[in-house]
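See below for the structure under consideration.
The values are calculated or read from the model by the stated rules, or taken from the named source; none is laboratory data. The structure displayed is predicted, hence computed values, not measured ones. Positions of Cβ are backbone-derived with ideal geometry, glycine not excepted, and every protein chain shown enters the neighbour counts. Remember, those area values only see protein heavy atoms, side chains included, never the ligands or the DNA or RNA. Shrake-Rupley method; radii C 1.70, N 1.55, O 1.52, S 1.80 Å.
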Amino acid sequence: PHKAQQRTFKYLIQKAKKTKFGKDHNFDKIFNHQDFIKYVPIRDYEKIKSYIEKVKKGEPNILWQGKPLYFSKTSGTTSGVKYIPISKESISTHINSARDAILSYIYYSGNAKIFFGKQIFLQGSPTLEIINGIKTGRLSGIVAHHVPKYLQRSRMPTWNTNCIEDWEKKVDKIVEETLDENMTIIGGIPPWVQMYFEKLKELTKKETIKDVFPNFNLFVYGGVNYKPYEKTLKKLIGKNIDTIEFYPASEGFFAYQSTQNDKGLLLQLNSGIYYEFISLEEMTKSIPLRLDISSVEVGVNYVLIISTNAGLWGYNTGD
């Protein structure tokens, strides 16, 4: 893990040396984690916003080489609307991590039958706006443009349905399109999936989702804490089912559940993201101790700090 993160660290610093951020923060003098701590302070969105505004104006080489491919538009709890850059390099980590999670599941479970049916990942509209040449929208909508070809044949719903902005109307249309299909994988943010299941039950008058989709045997979720929804969703499904938890964010796809035997998530150490960890106790100090992956301890709660190949540096995720 440590060697993988060291490689990622060197790659990030080297690639961003000539950016405005790199020049402002002495990237040419950064060779190790201690140098990075010296020159790059921890910051939240508000403290990186001045750089993001330059990127939004269309200026290149600000936080990362060139311009980002996308802005992921998120509603932050502290900063209002946030515009998180996604680069040509970082978009692949969003796609490949989700792919690897499914492949890992197949490898450990032997259950390849999930690909013989249809899959649906409930997501935001893939309709994007343009800000000075940069496509902008919700992360789930952006990712919809990069579904691998081998999944497109069995992917639900149709593109037109996915583009419906009104969520109530969209769910009604998704129910209509999937009702008679052999659904084997269903995924999405738990409250969205719950709404989908409730609409299915209401329309079919069936007791549980297993009665509607007898071959549904893999549920993929992420985006919010699952615990408040777990009991309701289990009751709606009506049988024990394999699950994979994702830990995606606009800032990067951080981790996924790699085995059914362990609910822990596998941190993506080789995906263009350099991680730092600050214990909750340290976060109260004016100069908190910043650890890399080699120094973390099991059982300690850390705040996740990231630097990425989309141009976030010493960024406090708030998680």
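Of note:
- Answer from Leu312, Leu236, Leu280 - the residue that is of a type outside the set (Asp, Glu) and closer than 18 Å to Gln5 by Cα: Leu312
- Among the residues of the range 140-188, the one identified as of a type in the set (Lys, Arg) and in a strand (DSSP E or B) is Arg155.
- Scanning the range 72-103 for residues that are more than 14 Å from the chain's Cα centre (by Cα), buried (at least 18 other Cβ atoms within 10 Å of the Cβ) and among the hydrophobic types (A, V, I, L, M, F, W, C) yields a total of 1.
- Residue match in the range 193-201 (condition: open to solvent by 40 Å² or more (accessible area, probe 1.4 Å) and either assigned to a loop (DSSP other than H, G, I, E, B) or out of contact with any helix residue (DSSP H, G or I) (no Cβ under 9 Å at 6 or more places or on another chain) (or both)): no
- Test: residue in the range 169-186 that is of a type in the set (A, V, I, L, M, F, W, C), open to solvent by 30 Å² or more (accessible area, probe 1.4 Å) and in contact (Cβ under 8 Å) with a residue 60 or more places away in the chain: no
- Apart from one condition, Leu122 fits all of (1) modelled with pLDDT under 95; (2) of a type outside the set (Asp, Glu); (3) farther than 28 Å from Phe213 by Cα; the exception is (3).
- Residue in the range 109-130 that is among the aromatic types (Phe, Trp, Tyr), farther than 15 Å from Thr184 by Cβ and part of a helix (DSSP H, G or I) present: no
- Residue list for the range 147-164, filter: within 22 Å of the chain's Cα centre (by Cα), modelled with pLDDT of 90 or more and open to solvent by 100 Å² or more (accessible area, probe 1.4 Å): Trp159
- Residues in the range 285-316 that are surrounded by fewer than 18 Cβ atoms within 10 Å (Cβ to Cβ) and in contact with an Asp or Glu (Cβ under 6 Å, 6 or more places away or on another chain) were compared, and the one that is nearest to Gln268 (Cα to Cα) is Leu289.
- Among the residues of the range 272-294, those identified as in a loop (DSSP other than H, G, I, E, B) and under 22 Å from Thr93 (Cβ atoms) are Gly272, Asp292.
- Within the range 1-30, tally of residues that are touching a residue at least 12 places away in the same chain (Cβ under 8 Å) and either among the polar types (S, T, N, Q) or surrounded by fewer than 18 Cβ atoms within 10 Å (Cβ to Cβ) (or both): 11
- Complete set of residues in the range 115-141 that are farther than 25 Å from Glu53 by Cβ, of a type outside the set (Ser, Thr, Tyr) and open to solvent by 10 Å² or more (accessible area, probe 1.4 Å): Phe115, Phe116, Lys118, Phe121, Leu122, Gln123
- Hits in the range 38-67 - residues which are open to solvent by 20 Å² or more (accessible area, probe 1.4 Å), in contact with a strand residue (DSSP E or B) (Cβ under 7 Å, 6 or more places away or on another chain) and part of a helix (DSSP H, G or I): Lys56
- Tyr221 vs. criteria surrounded by fewer than 21 Cβ atoms within 10 Å (Cβ to Cβ), among the aromatic types (Phe, Trp, Tyr) and either within 19 Å of the chain's Cα centre (by Cα) or more than 30 Å from Leu128 (Cβ to Cβ) (or both): no
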